[in-house]
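Have a look at the structure below before the remarks.
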Amino acid sequence: MTYRPTENGSFQILLLSDVHYACAAERLRGDYEARTINHPLLRVLLGAYRRHVWCKDPLSQNRYLTDFLAVATQADLCLGLGDYTCDSAFIGVADDAAMQSASICLNRLRNHFGDRFRGLIGDHDLGKQSLSGRVGGMRLESWQRCCGPLQLESVLHQPVGKVHLVGMNSSLLTLPACWMDFEADQRAAWLTLRDQHLQALKGILDGIPGDHRILFFMHDPTGLAMLLEHDWVRRCLPRLDGTWVGHLHSPWVFKASRWLSGMPRIRCMGNAVTKLSAALHQRHLWEPFKVRLVPAPGGIEIAPQGGYGDLRIDPEGKLPPNFCIRPLAGE
Ligand SMILES: [Fe+2]
Ligand SMILES: [Fe+2]
C-alpha cells in the first residue's frame, strides 16, 4: 500500500492505544484478577488500587471504541499501538476469549478505516503475568495469532514523503528484563524472534536517506532503554522528531514516571514491581527519543483524561510534527 499525501496538506494519523476490548466471554470472568491472589490483605490492597487509581471495571471499556469510531475522521492512517484485549486469562490472545476480544476490536477498526488501519502489538496481546506473579505470561501461540489471523505488525515502515514512520515491538525489545514472564522452554524461540526483530529494524533505519526525518511508534516505552544500546539507533536520533507510545494509560502516569526516574531497582516484591522499578531506574534513557504518550481512551480512575492522538506531519519534513490528544466522552 502506498500513501500519497494530499496536495498542500499535512498527513493525518490517528493514534489509538489500550482499547482493552472485552467480548462477552471475557466479561463473564468478572473479578478475574482478584482470583489470582491468595492472601486476603493483598486482595484488599489490589482492589483499592484498581478501584481508586487504575480502572475499577476493566471489562466495561468497550464504549470508548464505539465513541472513537463515531468521531474518528477518515484520516490518512489510523495506527493501533497495542493492547486490544483485556487479557483476563493473562496469556494474551492464546486464550480464545481474549482472541475473540481482539478480533472484534480490530474488525471494527478495519471496517471503519479499511486498509488505512494498521496495528502494532501490545504486551497484553502477547500475555502478561498477573500482578501477583502467579498466573500467566507471554505465550508463543499469542505471537502466532497476533502475526497470523489478527494481522498485527511487529515491525512497520511507512514512508510518507520525506518522513518515515517506524513501528516496533516493545515486548521483544524488553525481553532481557522479562525472563520471568515466559516459560523456560520458549526462551530460545523468543530470543530468536528478538534477534530477527533487531535485524529488521536495523535494515529499515540504515536504509532511510540521511536528509529524511523519522518518527517512532511502539507500545511500551520501557523498550527505549534497550534500543539505545545500539549504535545504528543512536545514529538516527538527530533525525528523530518523536516517539509515540501507549501502555501508561494516562498523562498522569507519564508525569509520575518522570518524578520517579532513577529510583532503585526493587527485587524483593514480585515480578511486577521488579519490572516497574527497573523501567523507572532507566527512565532518563527515554529522553533522547522525545516520547509522547497516547493515553487509553478512558484514561484511569485517578486521572480520567483519556482519548486518542491526532498527529499531523509535513510530508516534506520541514515542519515539526503537530500532535494533540483528543478526548472521548465514553458515553
Ligand atoms: Fe494497556
Ligand atoms: Fe500495555
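Every read-out reported here was derived from the displayed coordinates using simple, explicitly stated rules and does not represent laboratory data. What you see is a predicted model, and the numbers here were worked out from it, not measured in a lab. For neighbour counting, all protein chains shown are included, and Cβ atoms are generated from backbone atoms with ideal geometry for every residue, glycine included.
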Practice prompt. Determine the calculated [θ] at 222 nm for the chain from helices alone, applying -39500 (n - 2.57) to every DSSP H run no shorter than 4 residues and normalising by the residue count; nearest 500 deg cm²/dmol.
Written response: -9500 deg cm²/dmol
Worksheet item: Expressed as a fraction of 2.2 N^0.38 Å, the rule-of-thumb size for a compact globular protein of N residues, what is the C-alpha radius of gyration of the range 14-326?
Response: 0.95
Worksheet item: Expressed in nm to one decimal, what extension gain is obtained for the pair C324 and T66 from 0.36 nm per residue of sequence separation less their Cα-Cα distance?
Response: 90.8 nm
Item to complete: For the range 204-220, just list the computed ³J(HN,Hα) in residue order, Karplus coefficients 6.51, -1.76 and 1.60, θ = phi - 60°, integers in Hz, with x standing in for Gly and Pro.
Response: 5, 5, 5, x, 7, x, x, 9, 9, 9, 9, 10, 9, 9, 7, 7, 10
Worksheet item: Which listed residue (C147, P40, H164) has the Cα farthest towards the positive end of the charge dipole for the chain, taking +1 on Lys and Arg C-beta and -1 on Asp and Glu C-beta about the Cα centre?
Response: P40
Practice prompt. Working from the alpha-carbon coordinates of the range 1-148, get Rg over Rh, Rh being the Kirkwood radius.
Written response: 1.04
Response to the item:
Taking placed amide H atoms and a strict 5 Å upper bound, the residues 5 or more places from F117 or on another chain that come that close are C78
Discussion item. How many angstrom lie between the Cα centre of the range 180-245 and the Cα centre of the range 39-72?
Written reply: 30 Å
Worksheet item: Per residue and in Å³, how big is the convex hull formed by the alpha-carbon atoms of the range 98-187?
Response: 116 Å³
Worksheet item: What spacing in nm lies between the two simple spin-label points modelled at R234 and E287, each 7 Å away from Cα in the Cβ direction?
Response: 1.6 nm
Worksheet item: Which angle between 0 and 90 degrees, to the nearest 10, do you get for helix 62-71 versus the longest principal axis of the chain when only C-alpha atoms count?
Response: 20 degrees
Item to complete: Among D57, D185, rank each residue by its count of other Cβ atoms within 10 Å, from fewest to most, as a rough exposure measure.
Response: D185, D57
Practice prompt. Enumerate the aspartates and glutamates that K290 could reach by cross-link, defined here as Cα to Cα under 17 Å, with residues fewer than 8 away along the same chain left out.
Written response: D220, E229, D241, D310
Practice prompt. Taking H placed 1.01 Å from N in the peptide plane, check which residues at least 5 places from V160 or on another chain put their amide H under 5 Å from its amide H.
Written response: L165
Worksheet item: For the range 14-326, what is the percent of antiparallel DSSP beta bridges, rounded to the nearest 5?
Response: 40 percent
Worksheet item: Can you give the net charge of the other residues whose Cβ lies under 11 Å from the Cβ of D181, counting K and R as +1 and D and E as -1?
Response: +2
